[in-house]
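Working notes for the structure below.
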Amino acid sequence: MKPNQTTLTILVCLLALASSYGCKSLIKQKLPLTLQGRSQALQPGDIVDTRTGEIISFDKLFENLSKAKVVYVGETHTSIEDHQIQRRILQSLYDGNPQLVVAMEMFPRHTQPVLDRYSSGLMSEQALIEEANWDEIWGHSFQFYRGILTWAGGKQLKILALNAPPEVVRKIGRNGLSSITPQERSLIAEQIDLADSAHKEYVRQEYEQHVKENIKNFESFYEAQLAWEETMAEALAQAIHSNNKLDQLVVLIGKGHIVQSFGVPERTRRRAKHEYATIVPIPIDYPERQIDPALADYVWITKESTEHHHRGMLGVMVTPLANGGGLEIKGVVPNSPAAQAGVKPGDVLYCFDGKPVSDIADIHQALAEGTTATHALGVKRGGKAMKLQVTLSPR
């Protein structure tokens, strides 16, 4: 079977870690959302400077961000609101400084020539999708990123590819760094620092939430995580060293890579001294009702996560079958909505809320169109069709 970005647990787990702190379902809480040490209840639209605890205006945020060489804007990959925030920040910073570089986790470094042609107006959107192998490498619907890429391409801005090749990351996750060939080793960061105990503990906590299929052990999982983060940091540091001093880099990246700064931000600064700022969107139904000020320099409160395009996480690892035959379930996260619904590895998910499923994007679309938290799954087990019900992020 042709390898796919969703095929192997390691890449899916790391994507979940990067974008939404693991495979935890978000449950609406009655307690107000506050910043630790503060009593003021936060509301959607509030932007909080975590260093002072004060709610600031967008104009003040822009003023502060414009002073940084690198601005990291975190995202949950399937959150429309997060991408809207990224777009607004990009546009405002560009208006103040047209020498802007858009750096993106979504593209491996070897796709840089493709992005250069796209930014120069020499390539259509469809050609970008095909030549960058978007569906295989990233997998999330291109629709989430279309607005940002169209805007950046229209301005002919430099779009910087940051990431490591996913197939190398998967191999590290399966068998560790020592298992890759010298040629594969040359495709990821030269320096990989395993010594940050706080970062390692953070990743360990997320690791415990995931299916361990195809992962050798925690050490290989952590090495795979660092292959991503150190490679992105190396790419950013190289850009800082080579770019015009007036250039500003805005990094679009999964939240888990920048929270507490011990992922990509500090690993970049070790390579190239510079000032940076981090901003993370947080939904109003964030399960931790008190936001740790160390999470980011700024947090932007958004609407409930259940109102986003992706209502919740099933908690499955899938592989699309050939000829639109559905999605094969490769793994199920313990205690996830899918596990509670009775989904098992080896099942084939062929319809979701009565609509045929052939790609993960079909589930995203069904969730976007749905109005309830309970969804009907059509699965085949041992050739026998059966119906299951799954509940995501109850209201």
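The values are calculated or read from the model by the stated rules, or taken from the named source; none is laboratory data. Since this is a predicted model, take the numbers as computed values, not measurements. Using ideal geometry, Cβ is built from the backbone for each residue, glycine included, and neighbour counts are taken over all protein chains shown. Note: areas computed on protein heavy atoms with side chains; ligands, DNA, RNA excluded. Shrake-Rupley method; radii C 1.70, N 1.55, O 1.52, S 1.80 Å.
Within region 85-111, find all residues whose amide N lies under 11 Å from a label point positioned 7 Å from the Cα of HIS274 along Cα-to-beta-carbon. Answer for this model: 101-103. Rg over Rh for region 97-192 works out to 1.03, using Cα positions for both radii and the Kirkwood form for Rh.
With both labels modelled 7 Å from their Cα along Cα-to-Cβ, the THR34 to ARG381 distance reads 4.6 nm.
What percent do you get for the relative contact order of region 250-298 when only Cα pairs under 8 Å and 6+ apart count?
Averaging sequence separation for qualifying contacts and normalising by length gives 44 percent for region 250-298.
Packing, as the average of other Cβ atoms within 10 Å across residues, places the peptides 105-112, 59-66 in the order 105-112, 59-66, highest first.
Among the trypsin sites (Lys or Arg not before Pro) in region 228-291, those placed in a DSSP loop whose Cβ has at most 11 other Cβ atoms within 10 Å are LYS245, LYS273. Please work out whether region 166-317 counts as rounded, prolate or oblate from its C-alpha gyration tensor, where a ≥ b ≥ c are the square roots of the eigenvalues and a/c under 1.5 means rounded, while otherwise a/b larger than b/c means prolate and anything else oblate? It is oblate, given that a/c is not under 1.5 and a/b is not larger than b/c.
If you average 1/r across every pair of different Cα atoms in region 149-216 and take the reciprocal, what Kirkwood value do you get, in Å?
It works out to 14.9 Å.
One equal scatterer on each Cα of region 57-112, no solvent, Debye formula: the resulting log10 I(q)/I(0) at q = 0.12, 0.20, 0.21 Å⁻¹ is -0.31, -0.83, -0.90. Taking the centroid of alpha carbons for each part, region 58-78 and region 96-172 are 20 Å apart. Averaged over residues, the count of other Cβ atoms within 10 Å places the peptides 187-197, 320-330 in the sequence 320-330, 187-197, highest first. Remark: the chain carries 41 Å² of accessible area per residue (probe radius 1.4 Å; ligands, DNA and RNA excluded).
For region 122-135, putting each phi into the Karplus relation 6.51 cos²θ - 1.76 cosθ + 1.60 with θ = phi - 60° gives couplings of 9, 9, 7, 4, 4, 5, 4, 4, 6, 6, 7, 6, 3, 5 Hz, in residue order, rounded to whole numbers and with x for Gly and Pro. Computed over Cα pairs, the Kirkwood radius of the chain leads via Stokes-Einstein (1.002 mPa s, 20 °C) to a diffusion coefficient of 100 µm² per second. Rounded to the nearest 20 debye, the dipole size of the chain about its Cα centre is 540 debye, using +1 on the Cβ of Lys and Arg and -1 on the Cβ of Asp and Glu. Sorting the segments 203-209, 297-303 by their mean number of nearby beta carbons within 10 angstrom, highest to lowest, gives 297-303, 203-209. Computed in the context of the full set of protein chains, the accessible area of the chain at 1.4 Å probe radius has 49% of its extent on carbon or sulfur.
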